[in-house]
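We did not get these values from a lab; they are worked out from the coordinates using the rules stated. Bear in mind the structure is a predicted one, so any value in this text is a computation, not a measurement. Neighbour counts run over all protein chains shown; Cβ positions are idealised from the backbone, glycine included.
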Amino acid sequence: MAATITWEELRELAGFQADKGCAVSLYLNLDPSEVPTAADVETRANSLLSEAHRMLEERKGSLGREVREGLKGDIEQIKTWFDDGFDRGGVRGVAVFAAGLDNFWSTLPLPDPVTDQVTIAGELCLAPLARTVGRADGVLVAAVGRERGQVFKLEAGNLAEIADDTEEVPGRHDQGGWSQARYERHIDEIVDRHWRRVADTLDSCVRNGHGAQVVLVGADEMRSDFEEILSSEVKNRLLGWTTAEAHADRPQLLEAVRPVLEEWWAKRDEAVIERWREEAGKQGRAATGWEQTLEAASDGRAELLLVQDGADQAAYQCPACGRAQLANGSCPLDGTTLESRDSGLDLAVHRTLVHGGTVHVIRDRRDLEPVGGVGALLRF
């Protein structure tokens, strides 16, 4: 099953530095539409491992013997893990980090597809992970009906049940007369009590989840009645309603709520972009473009790094203090000669995370294109 990655966990990964050797970071796409079979997985994994060997061969002149042997062992360990320890179930991508000389090993099954890539460096490659963190994890999905009353939490692209108030409600009959009317009122009272129990449970789940957002799944005709009995706390966290079959399973429920979540995220994108645009327009707390953003991230001023999906830029980094910048030369802080890096995005992500910031990847909009696809909202 895919892992739920938090910003705290991502910051811990960003804080890793290979002191004795180098680290191998490998990302493998497992989208079933592109990688349908086990043979496809093996082919792609072997291709990435071959690429890692090629990179090691190219750099062998600048690496000591112990480091070279350590990297060979890391690559072999990754191959063994794919051969023996890898479970693809519920996974659309995977990240593997290995740095044996520094006693570091981590595997992260991912809920979203990733681009196949492998890197060898002193730090872990984390930019692909920033794309998946925080999009919808923690959202509560409540499936409500005359009998059904389940609450799920969205974790790593899957629904995990956290409460179940489902109960059997007697069926209606059609005898007619006064007994029929009384019986139907009795059934309505049972349903009303059931809904109130579900509403109370949902309120507890929201409070325990520190104000988690909520999506409700239920029939159109029950929406107004059920919303009336919701607490103000739940109403304030409600993203919307959708419908599904009465006995829809978890994958079907997830598919039903996806449009609601996508609309919510689109609104978040719009709000973040507007805030950034306003700050940038008045020369306020905003960075625009690679030069300003790398500088702000390195100085610990980037509160929220904004990245247009797919944007990247080669950059330079100080091997002594980690400072990143767009231009080559010497580090302005310690005079160390800078080293080239293929991914300025990964540098920006690292610098932002280690200073306590977060990252917002904009998948659909192109607002950042005029400034190279990157910017930031600043602390100061």
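A few points about this structure:
- Using just its DSSP H runs of length 4 or more, each adding -39500 (n - 2.57), the chain gives a mean residue ellipticity at 222 nm of -13000 deg cm²/dmol after division by all residues.
- Compared with the direct C-alpha span, the chain from T43 to E147 gains 32.6 nm at full extension, assuming 0.36 nm per residue.
- Seen from every direction in turn and averaged, the convex hull around the alpha carbons of the stretch 1-134 projects onto 7.6 nm².
- Proximal charge balance of A23 [Cβ under 10 Å; K/R count +1, D/E count -1]: -3
- Gain on full extension, evaluated as 0.36 nm per residue between I187 and D83 minus their Cα-Cα distance, stands at 31.7 nm.
- Within the stretch 285-380, the proportion of Cα pairs with more than 24 Å between them is 14 percent.
- Taking a quarter of the surface of the Cα convex hull of the stretch 265-337 gives a mean projected area of 5.6 nm².
- If you plug the beta carbon distance of D200 and L333 into 1/(1 + (r/R0)^6) with R0 = 51 Å, you get a FRET efficiency near 0.35.
- Potential extension, D342-Q252 segment - 0.36 nm per residue separation minus Cα distance: 28.3 nm
- Only lysines eight or more places from K79 in sequence, or on another chain, were considered; those with a Cα closer than 28 Å are K20, K60.
- Cβ-placed point charges (K, R +1; D, E -1), dipole of the stretch 285-380 about Cα centre in debye, nearest 20: 260
- Placing a pseudo-label 7 Å from each Cα along the Cα-to-Cβ vector at N236 and E58 gives an inter-label distance of 5.4 nm.
- Kirkwood-type radius of the chain, with distances r between different C-alpha atoms, in Å: 23.6
- For the stretch 1-33, backbone nitrogen atoms closer than 11 Å to the point 7 Å from H210 Cα along Cα-to-C-beta are found at 7-8.
- Cβ-placed point charges (K, R +1; D, E -1), dipole of the chain about Cα centre in debye, nearest 20: 860
- The residues packed around N208, meaning those with a beta-carbon under 15 Å from its beta-carbon, carry a net charge of -2 if Lys and Arg are +1 and Asp and Glu are -1.
- Kirkwood Rh and Cα Rg combined as Rg over Rh, evaluated for the stretch 140-262: 1.01
- Charge context of A266, other residues only, Cβ under 14 angstrom, K/R +1, D/E -1: -1
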